[in-house]
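Read the figures in this text as sums done on the coordinates, not as results from a lab. Predicted model, so just to flag it, every value in this text is computed and none were measured. When we count neighbours, we look across all protein chains shown, and the Cβ atoms used for this are built from the backbone with ideal geometry, even at glycine.
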Amino acid sequence: MTIEEQIRYLTSRLVARSDAELVPEVCGLLNIFDDGNYRERMSDAVRWVEIYVDPKKAETYGGQDVVLEFLVQELGTAADLAGMLQGNPP
């Protein structure tokens, strides 16, 4: 499975669950590529997933649904970048 596929699979699982097991999975994808844009997107995704799994923090940002939208957006962009970095255009 490519990194792009891993990110997209992880994103699909977010909709079904919101537990803390997702945090290390997202963190594990942070430094896969030596690319500033990819790292920035994944850093943002790490921040959003940490907020997403904590309902009290999520409420500060409008609730888990709002945080999930931001998280999915960051992961989608990171997946596109991973695909390009691996030679698979979006």
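At a glance:
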read-out	value
Peptides 28-41, 68-81, 47-60 ordered by average Cβ neighbours within 10 Å, highest first	68-81, 47-60, 28-41
The chain shape via C-alpha gyration tensor axes, a/c threshold 1.5	prolate
Karplus-derived HN-Hα couplings along segment 49-60 (A = 6.51, B = -1.76, C = 1.60, θ = phi - 60°), whole Hz, x at Gly and Pro	5, 5, 6, 4, 7, 10, x, 5, 5, 4, 4, 4
Using θ = phi - 60° and Karplus 6.51 cos²θ - 1.76 cosθ + 1.60, couplings along segment 28-44 (whole Hz; Gly, Pro as x)	x, 9, 4, 9, 5, 10, 8, 9, x, 5, 4, 4, 4, 4, 5, 4, 5
Helix-only mean residue ellipticity at 222 nm for the chain, each DSSP H run of n ≥ 4 adding -39500 (n - 2.57), per residue, nearest 500	-23000 deg cm²/dmol
